[in-house]
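A short write-up of the structure that comes next.
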Amino acid sequence: MSLILLLHGPNLNLLGQREPDVYGHDTLEDHVSRTRAIASEFGFEVEDLQSNHEGELIEAVHGARGRCDAIIINPGAFTHSSWALHDALAAYEGVVVEIHLSNPDAREPWRRTSVVAPVSTGAISGFGGTGYELAVRAVAAKLK
């Protein structure tokens, strides 16, 4: 079975509680469960990690090299600032899908720059939890 690494950055452990008008009422576990369910339909297993620590996410990306077929990542605030995460993803040779529950381009100006985008295969934003399903479908299409 193929493996997708699902990564969530800082503060996403607070989903369902933090700014539900922006991020919705679903918890992180709701999103992970949704991703696992759709992934299984395509024959993928999902390994997930949420961390508020940049280095832990970087180590996870390094560990995915040669082991995971794809990474779906919601980098949270690291989207806009983590060149180290950018470099780790640049060294990964599989499919990378950047995902955001909200649409960063429709929010504050500082959210409109992603340092992850240049090393991602593609990005999905603004569709709430449906974005996770779209990300899995995108991975499946790229790996066909």
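The numbers here are math on the coordinates, done by the rules we state, and not lab data. These numbers were taken from a predicted model, which means no experiment stands behind them. Glycine gets a Cβ as well: all are built from the backbone with ideal geometry, and neighbour counts include every protein chain shown.
Entry note, the chain: the mean residue ellipticity at 222 nm calculated from DSSP H runs of n ≥ 4, each adding -39500 (n - 2.57), is -10500 deg cm²/dmol after division by the residues and rounding to the nearest 500.
Listed by number, the DSSP H helices of the chain that run 15 Å or longer by alpha-carbon position along their axis and have mean Kyte hydropathy of at least 0.5 are 130-143.
By the count of other C-beta atoms within 10 Å, a proxy for reagent exposure, ARG107, ARG34 are ordered fewest to most as ARG107, ARG34. Highest mobility in the GNM of the chain, judged by mean-square fluctuation with C-alpha springs under 10 Å and restricted to GLU98, GLU108, GLU54, is found for GLU108. Listed by Cβ neighbour count within 10 Å, with the fewest neighbours leading, HIS8, HIS80 appear as HIS80, HIS8.
Mean-square fluctuations from a GNM of the chain, with a 10 angstrom spring cutoff on Cα atoms, peak among VAL115, VAL61, VAL22 at VAL22. Taken about its Cα centre, region 105-144 carries a charge dipole of roughly 120 debye when the Cβ of each Lys and Arg holds +1 and the Cβ of each Asp and Glu holds -1. With neighbour counts taken as other beta-carbon atoms within 10 Å, the residues TYR132, TYR23 rank, fewest first, as TYR23, TYR132.
Its relative contact order, with pairs defined as Cα atoms under 8 Å and 6+ residues apart, puts region 2-143 at 27 percent.
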